[in-house]
Structure formats: C-alpha cells, structure tokens
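Read-outs throughout are calculated quantities, based only on the coordinates presented, and are distinct from any laboratory measurement. Just so you know, these numbers come straight off a predicted model, no measurement behind them. When we count neighbours, we look across all protein chains shown, and the Cβ atoms used for this are built from the backbone with ideal geometry, even at glycine.
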Amino acid sequence: MTFSPTLEERFAKLLTSYPPGRTRSAVVPMLLYAQDEMGFVSRELVEEVAKRTGVTPLQVDEVIGYYSMMHREPIGKYNVQVCTNICCLVVGGEDLFEHAKKCLGIGHKQTTPDGLFTLEEVECMGACSWAPAIQVGYDFYHQVTPERFDQLIDALRKAESGKNQVS
Amino acid sequence: MVYNEPSPLEVKVVSRRFLLENSASIDTYLATDGYVAIKKVVGMTSQAIIDELKASGLRGRGGAGFPTGMKWSFVPLNTGKPTYIICNSDESEPGTCKDRLLMENDPHQLLEGMMIAGFAINSNKGYIYIRGEYRYLIPILEKAIAEAYKHGYLGKDILSSGWDFDIYVHTGAGAYECGEESALLESLEGKRGIPRLKPPFPAVVGAFQCPTILNNCETFSHVPAVFREGAAWYAGLGSPKNGGTRLMSVSGHVNRRGVYEMPMGFPLLRLIEEVCGGIRNGKKLKAVIPGGSSTPILRADECDVALDFDSLAKAKTMAGSGGPLILDEDTDIVRVALRTIKFYKHESCGWCIPCREGTTWLTKIMTRFHEGGGRTKDIDLVYEIAKNMLGRTFCPLGDAAAMPMIGFIEKFRPEFEEYLKKKAPGPAIPELALA
C-alpha cells in the first residue's frame, strides 16, 4: 500500500518518535492520519499499519473498536458532528441536532445519498463556552443557530456543485 | 485567537499573550519573557526546582487538584531507567475548553513548562497527548516545536547544560477515558485506553513502564510563571494552599460566556455577576455545576463559595477542571441528569463492572423516567446504584458518573418528584430486570 509523500513522511517520523521497540505506539496516530487522507479505515489499511508497526492486524482492529473517531466504512465528504452534551444542551444543542436531522434528511451516523454529508451526534468537543457547537471534519463552528447551520450547509453544497461544474 | 471578550477582572498569567499578534510564534514568546524560566531552572538542582514548585501552591488543573510539586517529588531518580514527561491535552470533561486556547495561542509556554519538568527529573523525552478532535492544533504545536529546536531550546545540550530534551505530539482518536492518566498511558502505547491498577502510580511506573511526570496542559503552562516571577509571587495570586490563577471555562445561561483567567479563590457569584454579566434574559440563578460535568451540582443558595479546590470540597463538590456550567431557573434538571449519565455510559470503557453496568442501568432508568414512565422508587434506585458505584472501579470514571447523579438527587429531589406528577405515564415500558 502506498501513501502520499506527506503521509509517508509523517509515518517515518512517527516510527522514530517512541522509545526503541515501542513502534506499537504509532498505531493510533497512523490510523487517524491515514483516515484523514483516505476517508476511512479499510481492511487494507489495517493490515498495512499492522505490518509497519510490527503488531498483528487483530491488535490494530481492537484499537479501532475503542476510539469513536475511527470509521470502518466510508463516510460523507463532510462529517457534521453536533454536540448535545450538557453545556450545548442547555443552550439549544439538542434542538440543533434535531434541526440538522431535518435539514440533511438523515439520522445519527447516516450519510446523504449524494455522499456529501454524514451526521453524527457527538459528545463534548471542547467548545462549551461558545455553545452550541458543531465540528465539520476538524473545523469548529461556535454558537450555531439553526439558521447559521442552514447557511453553512448551503455554502458547502454550493462549493461542491461549483467544483463539479469546473471539472 | 480568542473566542470571547476578556474581562477587566481577569488576572492574566497563562493567558497574558493570548491577545498579542502572532502570539503562538517564538518571536512573540521571546519578546515577552519567554524561555526566561528555563534559563533560571538549568542552574538549579532537582530538589530546588521541586521545592520552589511546592512553595508556589500550584495544584493540578486537570481535575483532582493534586499539588504539582509533590507529584514531581514522587518520581524516583537514578533508577537507571529513562523517565518521561507527558502532557495531558486530552481535554474532554464536558464544560472545559481552556487547554485548546493554551495550545492555540501560546504553545511555547506549554513547551517551556514541560522542559522545566524534564530538567527537574533529568528526562530526555516528552509527549503531548492531544485529543483527536483537536486535530487543528497539531500543526500549531509542531510548528512551535520546530521553532524551539531551531533556537536551541529543544534538542541536544540545551543552553549548554549538557541536557537533551525532545518533545513529540501524539494524537488520540476520540475517547473521554483517555483523559484518565493510566488510560492515557495505555493509549500512548498503542492500545485501548483501559485504566491500569494503581498503585504503582505513573510517577513510579508510567509511560513505557518508566517513571513519569504526567500533568494537565494548563498545569504545565503555569510552570514557567512560577520560575520567572518566583513561587511567593505566584502563591500570592491565589488563596491559601491554592496558588496562582486558573482558566475558568464558563458556559450555560450567563450573558457573557467565555474562558476567563481568574485568581484561585475568586467568588463564584462574582464570576457570574461581574465577569459574565449575570444570568441572561433577566432570569434567576437555579444552580451551578462548578467544575465540569462530573462535579456535583450546587443549588443557587449554595453558590456563595470561593472557586478553589478546598472551598469547593468543603461545599461537597469539586473544582474539577474549572468549567462552571451556570443554569437558570427554567432548566430541566432531570433532562440535564439524563444527558449527563448518557455521556458516561457512552464513555465507560467497560473494564470494570460497576461502571459499565451502573452507567447502563442508570441510563435506562433515567430514560424511562424522563419519558414519563418513571416510578417513585426510581429516585431512590438511581441514588442507590450511584452510591454503589463510588470507589469500586479502577479509575475515576465510575465516580465521575456516580457523583453528579447523587448530587442531582440530593439537591433536586422535589424536581424529580414533580416529574412523576406532571408527566402522564408513557407507553408501557417493560420492568427493568434489576428492579
């Protein structure tokens, strides 16, 4: 399996970041960085990470099952994560999540038919003082109202259709 | 960048560079007393460093409030094993969003704090364990680390002291449990974040089975100021035995939510009224969850309390990670309780039965209760189950789930009882096996 030069460079650095004989430490970062590039953790990726870090594929699999940010299946291009934990809840986080379901026409951990959006109800993302908060991919959006949510989704949709026209 | 207006009542120690242009760059850092502390420290002995830190009254900002100098003093020196410095940047306690700002706006301050710890126990390697959700901070930290190498603050023979130190960034991938120190160490080794049996504590057997200093991101960020300005100055900023300042992540129903740096021991009511502009929409205060979602709730009549570890402990709650959630009179406490326990059920790693089963049962009962199918005895049942979880798990996640539930019932029992009346019993819900 080959990766982009940036990812290869990252992997090379990770494998020397830990004490001798501790390359297993690189498993979680490698999976996350690879997922950033490939969209999800494929079977092939599991085997590759296992090979490079010197562990068994099972040891990689058991780690994937533990961490909530790892996806075994492809997800939408934009992963829309809405926090409904208490600090968001009390200022409209749960209502925002309900709104997001309607706006996108999908439920928790579902993907729109065009493959653009995946929706996820998530736990605290660390934006409590600027709640309700969402993350699209890794980008934070603070104090999101239903109106702002719609605007954001519209803007992302427009950007995508613009790209298609160009290509 | 910062995401809220500052308050004139703040005392800025760790946030003093937040508003400067290019605050994350080494040039800004060096122009504002950056890396002054490490220059002093390399002329000190281990013992002198730890004594100074003890005298500063600095206590862990991650939640437990353990005296930092004492924690460092537990690391055995000269065991022949390597030692490690681990920064816990897995900030994930609901209500807390301060470490994000420290890494985004002043990464060099964190690096300098870790260096001081590294020099104190003659460690050559440090790791910043950052939660996966904070992916955008990794390039910022990596740039700061690269700058520090370039200027000779990391690498070989730092400041001609003969001491070498490297810092690496390690990312998690979504797990609250990894904020618990021993689970974090498992995760750092590439495993599931399952807590370890303690003792031995990480100071003796920590990262890679070696002696380790493991502190919260904010704790390390306070360390340079202690050595730059002196322990007495730092201690004097706070209240007795609670040195310095801390970042308070205020959320909920106030007019000006935000992260503010307040002296330890600042009164909670003044924080709400003067710093945050009071309760929004002219409502009355109902309650405060003072230090993150795991800390027991305070009723409005109990909120005349100082925000430090000892005062909040006396009020039978905790200062935790410094994230007061302010709730107004319209807040549905039962709904907050349900969402709280749902979170802990989701995050329980499943290793210990009281936590795994307890959070699941509590979630089932609370869901039934919230949906209108609750029974009078459920209130005592929730209380009893939570009490039986306390102190019976490897790590504090079980306690973190149980403590707030006990608090909700002790402080707001009438509201739970009211729920029974106002809600018509919902559709027939099968009796839970445990009832």
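Label separation (B:Ala55 vs A:Lys102): 6.3 nm, computed from points 7 Å beyond Cα along the C-beta direction. Note on B:4-15: average number of Cβ atoms from other chains within 10 Å of each residue's Cβ is 0. Evaluated with a Cβ-only charge set (Lys, Arg +1; Asp, Glu -1), region B:26-234 carries a dipole of roughly 400 debye about its Cα centre, given to the nearest 20.
Here region B:81-179 is treated with +1 on each Lys and Arg Cβ and -1 on each Asp and Glu Cβ, and its dipole about the Cα centre works out to around 220 debye. Separation of region B:65-132 from region B:265-336 is 28 Å, based on Cα centroids.
For region B:24-132, what does the alpha-carbon gyration tensor say about shape, rounded, prolate or oblate, given a ≥ b ≥ c as the root eigenvalues, a/c under 1.5 as rounded, and a/b over b/c as prolate?
Oblate.
Judged by the mean number of other Cβ atoms found within 10 Å, the most tightly packed of the peptides B:94-107, A:53-66, B:206-219 leads the ranking B:94-107, B:206-219, A:53-66.
Using just its DSSP H runs of length 4 or more, each adding -39500 (n - 2.57), chain B gives a mean residue ellipticity at 222 nm of -12000 deg cm²/dmol after division by all residues.
Legend: mean number of C-beta atoms from other chains within 10 angstrom of residue C-beta atoms, peptide A:78-87, equals 5.
Mean per-residue shielding of peptide B:163-173 is 4, counting Cβ atoms of other chains within 10 Å of each Cβ.
Nearest 5 is fine: what % of DSSP beta bridges in the protein assembly as shown come out antiparallel, could you say? Approximately 50 percent, going by the DSSP bridge assignments. Here the simple spin-label model places points 7 Å from the Cα toward Cβ, and for B:Asn281 and B:Lys421 these points are separated by 2.4 nm.
Rounded, prolate or oblate: which one fits region B:181-267, using the alpha carbon gyration tensor with axes a ≥ b ≥ c (rounded when a/c is under 1.5, else prolate when a/b beats b/c, else oblate)?
oblate
Could you compute the net charge surrounding B:Arg100? Neighbours are other residues with a C-beta less than 10 Å from the C-beta of B:Arg100; K and R count +1, D and E count -1. Net charge around B:Arg100: -2. Short-range pairs are left out: with C-alpha atoms under 8 Å and at least six residues apart, the relative contact order of region B:16-154 is 31 percent. Looking at chain B, the DSSP beta bridges with both ends there are about 45 percent antiparallel. Residue-wise HN-Hα couplings along region B:266-271, as the Karplus relation 6.51 cos²θ - 1.76 cosθ + 1.60 with θ = phi - 60° gives them from phi, are 5, x, 4, 5, 5, 4 Hz; Gly and Pro carry x. When the Cα positions of B:Leu312, B:Gly132, A:Ala34 are compared along the charge dipole of the protein assembly as shown, B:Leu312 comes out farthest toward the positive end, with charges on each C-beta of Lys, Arg, Asp and Glu. By the count of neighbouring beta-carbon atoms within 10 Å, fewest first, B:Val275, A:Val27 end up ordered B:Val275, A:Val27. Is the shape of chain A rounded, prolate or oblate, going by the alpha carbon gyration tensor and its root eigenvalues a ≥ b ≥ c, with a/c under 1.5 for rounded and a/b larger than b/c for prolate? Taking the square roots of the gyration eigenvalues as a ≥ b ≥ c, chain A is prolate.
For the residue pairs B:Lys345/B:Lys421; B:Lys283/B:Lys316; A:Lys101/B:Lys377; B:Lys286/B:Lys421; A:Lys101/B:Lys191, the C-alpha atoms sit more than 32 angstrom apart in A:Lys101/B:Lys377; A:Lys101/B:Lys191.
For A:Ile86, the shell of other residues with beta-carbons less than 13 Å away shows a net charge of -1, using +1 for Lys and Arg and -1 for Asp and Glu. Maximal additional length on extending the B:Leu390-B:Asp301 stretch stands at 29.4 nm, based on 0.36 nm per residue less the C-alpha distance. Each residue of region A:123-140 is assigned a 3J(HN,Hα), and the resulting list reads 7, 2, 9, x, 9, 4, 6, 10, 6, x, 10, 9, 10, 10, x, 9, 8, 8 Hz, derived from the Karplus form 6.51 cos²θ - 1.76 cosθ + 1.60 (θ = phi - 60°), x at Gly and Pro. Can you work out the FRET efficiency for the pair B:Trp233 and B:Lys198, with r the C-beta to C-beta distance and R0 = 41 Å, to the nearest 0.05? Computed FRET efficiency for B:Trp233 and B:Lys198: 0.75. When the protein assembly as shown is described by a simple charge dipole with +1 on each Lys and Arg Cβ and -1 on each Asp and Glu Cβ, the residue from A:Gly92, A:Gly76, B:Pro200 located farthest towards its positive end is B:Pro200.
Structure remark: mean-square fluctuation, Gaussian network model of chain A, C-alpha springs under 10 Å; the largest value among A:Glu47, A:Glu147, A:Glu123 belongs to A:Glu147. Region A:22-88 and region B:1-29 have Cα centres lying 34 Å from one another.
Can you give the FRET efficiency for A:Ser68 and B:Glu21, using 1/(1 + (r/R0)^6), R0 = 30 Å, r = Cβ-Cβ distance, to the nearest 0.05?
FRET efficiency, A:Ser68 to B:Glu21: 0.25.
Charged side chains reduced to their Cβ positions (Lys and Arg at +1, Asp and Glu at -1) give the protein assembly as shown a dipole of some 740 debye around its Cα centre.
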